[in-house]
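Asks: The structure's right below; bear with me while I get my questions together.
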Amino acid sequence: GGDLDMSKRGHTATLITAALVTLVELGATLSGQGGDPVDLVAGWAPTRPGDIWAIILTAVGCAALFVISRFPLIALLTSSAAYIVFIMRDYEFGMTLPAMVAIFIVAAGSRGRFTALTAALMCLTATAVWIFMRTATITDSGVAILVWVAFGTVSAAFFFLPALFGELVRLRRLTAESKI
């Protein structure tokens, strides 16, 4: 018990979600090609401009979601690894949705909950390195703290809330199954 609904309806919903995530992420990555890097505050270290690798990593991370119904752990590891490489290559902050969706789906299933939490922690750790690289040259300590709090809080929410909500969905399903 506790497995995700992978009926035709559940599989269709997963495919629609994967398609929407792909549209959003590829759209964001492609629209960022050739633009000036974000200069958030004085001292903000610039990021790497988008390139073909940003597009490839985004496509790989999103493509993993199309097979998550059949291969949930492989899809989770692929989408998380694509995000980690993307952020460690020092692109603009983004490409979080594939990992977030995969973390939720795997956490909501009966197997792989520890793997989902581990993936969330790894994604957050890579993001913390990215934040450090952005803030290392900010001379105003108050601004640097604010950036850490803002990006750190958002990043923690991005990766751990899907794990939490996935666990809640799993527990609700188990509770409903025990009443039958």
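Asks: Taking only the range 35-58 into account, find how many residues are small (Gly, Ala, Ser) and out of contact with any Ser or Thr (no Cβ under 8 Å at 6 or more places or on another chain).
Replies: Total satisfying the criteria: 1.
Asks: Another one. Among the candidates ARG111, ARG134, single out the residue that is in contact with a helix residue (DSSP H, G or I) (Cβ under 8 Å, 6 or more places away or on another chain), charged (D, E, K, R), closer than 20 Å to GLY94 by Cα and at pLDDT below 95.
Replies: Only one candidate passes the filter, namely ARG134.
Asks: Could you list all residues from the range 61-74 that are closer than 12 Å to VAL21 by Cα and either crowded, with 21+ Cβ neighbours inside 10 Å or not small (Gly, Ala, Ser) (or both)?
Replies: Scanning the range 61-74 gives GLY61, CYS62, ALA64, LEU65, PHE66.
Asks: Quick check, is ARG89 at pLDDT 95 or above, surrounded by fewer than 17 Cβ atoms within 10 Å (Cβ to Cβ), farther than 30 Å from LEU174 by Cα and of a type outside the set (A, V, I, L, M, F, W, C)?
Replies: Answer is yes for this residue.
Asks: If we scan the range 81-97, do we find a residue that is touching a helix residue (DSSP H, G or I) at 6+ places or on another chain (Cβ under 8 Å) and within 18 Å of HIS11 (Cα to Cα)?
Replies: no
Every residue, every condition in (1) in contact with a strand residue (DSSP E or B) (Cβ under 6 Å, 6 or more places away or on another chain); (2) surrounded by 16 or more Cβ atoms within 10 Å (Cβ to Cβ); (3) not aliphatic (A, V, I, L, M), yes or no:
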site	(1), (2), (3)
GLY27	no, no, yes
GLY35	no, no, yes
ASP39	no, no, yes
ALA42	no, no, no
ASP51	no, no, yes
ILE56	no, no, no
LEU76	no, yes, no
ALA81	no, yes, no
VAL85	no, yes, no
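Asks: Any idea which residue in the range 123-143 is surrounded by the fewest Cβ atoms within 10 Å (Cβ to Cβ), counting only those that are in contact (Cβ under 8 Å) with a residue 40 or more places away in the chain and of a type outside the set (Val, Ile, Thr)?
Replies: Top of the filtered list is ALA136.
Asks: Do we have any residue at all in the range 101-122 that's without any contact (Cβ under 8 Å) to a residue 12 or more places away in the chain, within 26 Å of LEU20 (Cα to Cα), under 20 Å from the mean Cα position of the chain (by Cα) and surrounded by fewer than 19 Cβ atoms within 10 Å (Cβ to Cβ)?
Replies: So far as the range 101-122 goes, yes, one or more of its residues are without any contact (Cβ under 8 Å) to a residue 12 or more places away in the chain, within 26 Å of LEU20 (Cα to Cα), under 20 Å from the mean Cα position of the chain (by Cα) and surrounded by fewer than 19 Cβ atoms within 10 Å (Cβ to Cβ).
Asks: Condition (residue is out of contact with any Lys or Arg (no Cβ under 6 Å at 6 or more places or on another chain) and surrounded by 19 or more Cβ atoms within 10 Å (Cβ to Cβ)) applied to the range 9-18: is it met by at least one residue?
Replies: Yes, some residue in the range 9-18 is out of contact with any Lys or Arg (no Cβ under 6 Å at 6 or more places or on another chain) and surrounded by 19 or more Cβ atoms within 10 Å (Cβ to Cβ).
The values are calculated or read from the model by the stated rules, or taken from the named source; none is laboratory data. From a predicted model like this one, the values you see are computed outputs, not experimental measurements. All Cβ positions, even for glycine, are placed from backbone atoms using ideal geometry, and neighbour counts span all protein chains on display.
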